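Colleague: Below is one structure. I have some questions about it.
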Amino acid sequence: MRKIILSVILITILVLTLFSTFILTAHPNPTKEVAFDTGDTAWMIVATALVLIMTPGLGFFYGGMVGKKNVISTMLQSFMAMIIVTVLWVVVAFGLSFGTSIGGIIGDPTSNLFFQGVGTKTAWGLAPTIPFMLFALFQAKFAIITPALITGAFAERIRFWAYLLFMVLFILLIYSPLCHMTWHPDGLFFKMGVLDFAGGTVVHMSAGWAALAGAMFLGKRKIQKVNPARITYVLLGTGLLWFGWFGFNAGSAMGANGLAVQALGTTTVAAAAAGMAWVFLDKILGHKLSAMGACIGAVVGLVAITPAAGFVSIPHAIFIGIFSSIVSNLVVSKFPKGKIDDALDVFACHGVGGMTGMLLTGVFASSSVNSAVTDQGLVFGETTLFLNQLTALVIVSIFAFTASYFLFFIVNKITPLRVSEDKEELGLDISQHGEFL
């Protein structure tokens, strides 16, 4: 049956693309071409490439943490996100995310099927100085890394084909609505005044809650405590993530401008401050200063500053980095690992880090940093933004967790999610892919 389904998918895509001129709705060329800014365009091409490199960086980050017999499978889960989500984004998910709004919840997918109407001569309304296609491709990289982030929670025990099915459903039914509500001008959260500069709700909270749902649904690994296969991979992955994150956050300014520089600065200091806080707290609690701790701390800082990057000052970014690192470190240490096996602490780091960053955006967002901030944060004596951030946090948390758990349930009905105990003991590299280190 799987062979038939895969054959149908490939043939359908081949036919639709071959005859796209006749089958898909034609979009006339604009009568007036937009004069794009070459500097903005050049920067956003680079930023798009930077965000893409984060996903293989995540592969190294996660791959180094798992046991030796699961490294290839864990890394491949990130690489397959680049492959599957890219095609899915072009075919339908971009329209669901940024198409004409349907009730502020989801976009109309028919307007941009197979990137119809997504060209190089028009622009997205909120990114008027770069081609529309560049904006769409930049956003594709955000969609790619989100399901890849989830994989750390159910590492070492998921069947690969089941993961691919979950990833497709997650993008269509969870990521796309959140993206539309948060970043489309007619989206529910956007119109509420919720601020999310580069993905605190859309990427990190959705991934974090989905990770928790996955860890709960799949159950515990047979052997939970394993020695990391390659801590050097973790270091390399952290470097690639930090490097790519400049495109993630600074690129969300949608141009080579002062706001991009501000986001680059806040991203730099938040990551450094969080890494410092993590290893300091480890020492305070009686642990050794570890490479793993430094890497995890830096990534938590990157996560937490993401929603705030273009809205807060440098000193406040340092506070966000330190505070989020302490919170996530404590959650990791107190997380009920004996009951819930979130293998690589995705919820504690990405979910909690994203929520912390969203709330602190409501505390520190300043109109002096970004004129788009109409309601300032709590520290400036205003409460509207903080309450909006809190409301969005609650809604996204409930939606992302319950919807993800439901998707795991549905996928498990279609094809089993977990490998057998024998295959888990053998390792996913051999049992799922016939490869090994």
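The values are calculated or read from the model by the stated rules, or taken from the named source; none is laboratory data. Not measured: the values here are computed from a predicted model. So basically every Cβ, Gly included, is an ideal-geometry build from the backbone, and we count neighbours across all protein chains shown. The protein model used for the area step is the full one, side chains on, heavy atoms only, and it has no ligands, DNA or RNA in it. Shrake-Rupley method; radii C 1.70, N 1.55, O 1.52, S 1.80 Å.
Colleague: Need one number: nm distance between label points at residue 68 and residue 314, each 7 Å from Cα along Cα→Cβ, rounded to one decimal.
Modeller: Placing both labels 7 Å along Cα→Cβ, they lie 4.6 nm apart.
Colleague: Using the Cα atoms of region 82-130, I'd like the radius of gyration and the largest Cα-Cα distance, Dmax, both in angstrom.
Modeller: Both quantities, over Cα of region 82-130: 11.3, 31 Å.
Colleague: On the full set of protein chains, 1.4 Å probe, figure out the accessible area of residue 375 and give it in Å² to the nearest 10.
Modeller: About 50 Å², ignoring ligands and nucleic acids.
Colleague: Counting trypsin sites (Lys or Arg not before Pro) as exposed when in a DSSP loop with at most 13 other beta carbons within 10 Å, what is the longest stretch of the chain free of them?
Modeller: By the stated rule (loop sites, at most 13 other Cβ atoms within 10 Å), 122-221.
Colleague: Write out the chymotrypsin sites (Phe, Trp or Tyr not before Pro) in region 1-98 meeting two conditions: DSSP loop, and at most 11 other Cβ atoms within 10 Å of their Cβ.
Modeller: Those that pass, being in a loop and sparsely packed, are 19.
Colleague: In whole angstrom, note down how far apart the Cα centers of region 98-162 and region 371-407 are.
Modeller: 22 Å
Colleague: Could you check how much of the accessible area of region 50-135 is carbon and sulfur, as a whole percent, using a 1.4 Å probe?
Modeller: For region 50-135, the apolar C and S fraction of the accessible surface comes to 77 percent.
Colleague: Sticking to Cα atoms, compute the Rg of region 141-195 to one decimal and its Dmax as the biggest Cα-Cα distance, whole number, in Å.
Modeller: 13.8, 41
Colleague: Leaving ligands, DNA and RNA out of it, report the carbon-plus-sulfur percent of the accessible area of region 353-404 at a 1.4 Å probe.
Modeller: Carbon and sulfur atoms account for 67 percent of the accessible area of region 353-404.
Colleague: Here is a follow-up. Calculate the spin-label point distance for residue 394 paired with residue 435, positioning each point 7 Å from the Cα along the beta-carbon direction, and give it in nanometres.
Modeller: Each label point is offset 7 Å from its Cα along the Cβ direction, giving 4.7 nm.
Colleague: Relative contact order, percent, of the chain when contacts are C-alpha pairs under 8 Å separated by at least 6 residues?
Modeller: The normalised contact order for the chain reaches 21 percent.
Colleague: Accessible area of region 172-293 with a 1.4 Å probe: how many percent of it is carbon plus sulfur?
Modeller: 69 percent
Colleague: Which of these, 267, 17, 120, has the largest mean-square fluctuation under a Gaussian network model of the chain (Cα springs below 10 Å)?
Modeller: Of 267, 17, 120, the most mobile in the Gaussian network model is 17.
Colleague: Around residue 418, which amide H atoms from residues at least 5 apart in sequence, or from another chain, sit under 5 Å from its own amide H, with H modelled in the peptide plane?
Modeller: Under 5 Å from the amide H of residue 418: 159.
Colleague: Additional query: So the label point goes 7 Å from the Cα of residue 374 along Cα→C-beta, right? Which residues of region 93-134 then have their backbone N under 17 Å from it?
Modeller: 126
Colleague: I've got another one for you. Tell me, which longest segment in the chain has none of the GluC sites (Glu not before Pro) that fall in DSSP loops with at most 13 further Cβ atoms within 10 Å?
Modeller: 34-434
Colleague: Report Rg(Cα)/(2.2 N^0.38 Å) for the chain, keeping two decimals.
Modeller: So the chain has a normalised radius of gyration of 0.95.
Colleague: So what is the relative contact order for region 225-291, in percent, with contacts set as C-alpha pairs under 8 Å and at least six apart?
Modeller: The normalised contact order for region 225-291 reaches 23 percent.
Colleague: Give the accessible surface of the chain per residue, rounded to a whole number of Å², with probe radius 1.4 Å and ligands, DNA and RNA excluded.
Modeller: I get 41 Å² per residue for the chain.
Colleague: Taking 1 over the mean of 1/r across every pair of different Cα atoms in region 35-190, what Kirkwood radius in Å do you get?
Modeller: The answer is 16.3 Å.
Colleague: While we're here: If I histogram all Cα-Cα distances within region 289-397 using bins 10 Å wide from 0, what percent of pairs lands in each bin?
Modeller: Percent of Cα pairs in each bin: 15, 43, 29, 11, 1.
Colleague: Take the Cα coordinates of region 271-320, assign each an equal point scatterer, and use the Debye formula without solvent to give log10 I(q)/I(0) at q = 0.26 Å⁻¹.
Modeller: -0.87
Colleague: Run the helix sum for the chain: -39,500 (n - 2.57) per DSSP H stretch of 4+ residues, divided by residue count, reported at 222 nm to the nearest 500 deg cm²/dmol.
Modeller: Computed mean residue ellipticity for the chain: -20000 deg cm²/dmol.
Colleague: Tell me, what HN-Hα J-couplings in whole Hz come from the Karplus equation 6.51 cos²θ - 1.76 cosθ + 1.60 at θ = phi - 60° for each residue of region 40-57, using x for Gly and Pro?
Modeller: 4, 5, 4, 4, 6, 5, 5, 4, 4, 5, 5, 5, 4, 5, 4, 5, x, x
Colleague: I need to check one value: relative contact order of region 65-169, counting alpha carbon pairs closer than 8 Å and at least 6 residues apart, in percent.
Modeller: 30 percent
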